[in-house]
Each structure stands twice: as structure tokens, then as C-alpha cells.
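K.L.:
Have a look at this one before I ask anything.
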Amino acid sequence: MEFTHFNKEGRAKMVDVGEKDDTSRVAVASCYIEMKKETLNAIIEGQIKKGDVLAVAQVGGIMASKKTSDLIPMCHNIFLTGCNIEFEIDKDSSRIHITAEVKTTGKTGVEMEALTAASTTALTIYDMCKAIDREMIIGDIKLLEKKGGKSGHFIRRD
């Protein structure tokens, strides 16, 4: 297997995607944040002093998706055509499951943007609730699906 992010001298480079065709691309990533039951209830009941946790986290995730190339060294700056963050509250496990879907029409995929969006959404929840719960756990960050481009359609099978 050839690594594409190294030049002839073995040093890092950004892959040239200039000759690739523009195609519709979508990526979906997910993670969760686990917390004390009291913390989850405070979020649900709007009792966090910093404000509406899920609304702020949703905006944070969207903003992060647009800044991925500023954070991940070899990512291209991509014009995103859409980003959506969804939450599923699981009271039994005291978790908030986060799903981020990112779209573009372009020469390279949006997997890193979706992963960054999901992760940053969880980090924003942590930031807003850390005053009452420093034991929160962010976990299971993963790509669920990717569509478009030369490598085709990927769907996680677990």
C-alpha cells in the first residue's frame, strides 16, 4: 500500500486533488458523551447555567466542521454544502448519542469534517457541563458512512 501524504523524501505533503472530478459526497460520523444522571437531567430540564447545552453544542459542531482544515494538517479546505447534528438522549445509560452528517460537492471527501463535527459537539457539551460533572466520558468516535468519490460507498457493519 502506498501512502499518499508523503513526498519523495518521506516528508508530509498535501495530496493534489486538482485532477479529480467534482462529485457529491456525504459522510456520517457519531460518538457519545456519558455523564451522571443528574447532569443529563439538568441538560434536559434546561438547568445548566451556561444556557441551552444542545443548541450551543449543535452550533459548535457545525462551526467545527467548517474549520477542519485548520485543525487537521493534511485536510483540504472544503466548501461544505450542508452539516446537520442530531442528538439521541439515552436515559438508561445516561448518554447523549451524537450523529453528524456533512455534505459537499467537490474533489475530496468529508469524513474528517463529520468526525470533527461529532467530536466537537461532544466537547462542547463537556465544556458547558464541566462545572457540575468533570467525570463525563466521550467515546466511540467513528465513521458510520461515506458516499461519493472514487472509493465508493462505505457503511460501517457493526
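All of the numbers you see were taken from the coordinates with simple rules; none came from a lab. As the structure is a prediction and not an experimental result, all values here were calculated from the model. No Cβ is skipped: glycine too gets one built from the backbone with ideal geometry, and neighbour counts run over all protein chains shown.
K.L.:
Taking the Cβ-Cβ separation of Asp90 and Thr4 as r and a Förster radius of 41 Å, what is the calculated FRET efficiency to the nearest 0.05?
P.N.:
Here the calculated transfer efficiency is 0.60.
K.L.:
Can you compute the helix-only [θ] at 222 nm over the chain? Use -39500 (n - 2.57) per DSSP H run of at least 4 residues, normalise by all residues, nearest 500 deg cm²/dmol.
P.N.:
Dividing the helical sum by the residues of the chain leaves -8500 deg cm²/dmol.
K.L.:
Checking the table Lys36/Lys103; Lys67/Lys91; Lys13/Lys107 against a 27 Å threshold on Cα-Cα, which pairs fail?
P.N.:
Beyond 27 Å: Lys36/Lys103; Lys67/Lys91.
K.L.:
Find which of Ile44, Thr124, Asn77 sits farthest along the positive direction of the dipole of the chain, computed with +1 on the beta-carbon of Lys and Arg, -1 on that of Asp and Glu, about the Cα centre.
P.N.:
Of Ile44, Thr124, Asn77, it is Asn77.
K.L.:
Compute the label zone of Asp22 within segment 103-144: residues whose backbone N is under 14 Å from the point 7 Å along Cα-to-Cβ.
P.N.:
104-108
K.L.:
What ranking do Arg157, Arg11 get, fewest neighbouring Cβ atoms within 10 angstrom at the top?
P.N.:
Neighbour counts put them in this order, fewest first: Arg157, Arg11.
K.L.:
Using only the alpha-carbon atoms, how far is helix 53-66 inclined from the longest principal axis of the chain? Give it as 0 to 90 degrees, nearest 10.
P.N.:
So the inclination is approximately 10 degrees.
K.L.:
Please get the size of the charge dipole for the chain, origin at its Cα centre, with Cβ charges of +1 on Lys and Arg and -1 on Asp and Glu, quoted in debye to the nearest 20.
P.N.:
About 300 debye.
K.L.:
Sorting check: for 30-38, 127-135, 17-25, which peptide has the highest mean count of neighbouring beta carbons within 10 Å, and how do the rest follow?
P.N.:
With the highest mean Cβ count within 10 Å placed first, the list reads 30-38, 127-135, 17-25.
K.L.:
State the Cα centre-to-centre distance between segment 1-75 and segment 79-148 in whole Å.
P.N.:
Measuring centre to centre over Cα atoms gives 7 Å.
K.L.:
How large is ³J(HN,Hα), in whole Hz, for each residue of segment 138-154 in order, when computed from phi with the Karplus curve 6.51 cos²θ - 1.76 cosθ + 1.60 and θ = phi - 60°, using x for Gly and Pro?
P.N.:
With coefficients 6.51, -1.76 and 1.60, one gets 9, x, 6, 6, 7, 7, 9, 7, 9, 10, x, x, 5, 7, x, 9, 10 Hz.
K.L.:
Right, another one. Using only the Cα atoms, what convex hull volume per residue in Å³ does segment 30-155 have?
P.N.:
Cα convex hull per residue, to the nearest whole number: 103 Å³.
K.L.:
Using a Förster distance of 22 Å, how high is the FRET efficiency between Ile137 and Met74, based on the Cβ-Cβ distance and rounded to 0.05? Provide the component values of the computation, followed by the final result.
P.N.:
Details: r = 29 Å, r/R0 = 1.31.
With R0 = 22 Å, the Cβ-Cβ based efficiency is 0.15.
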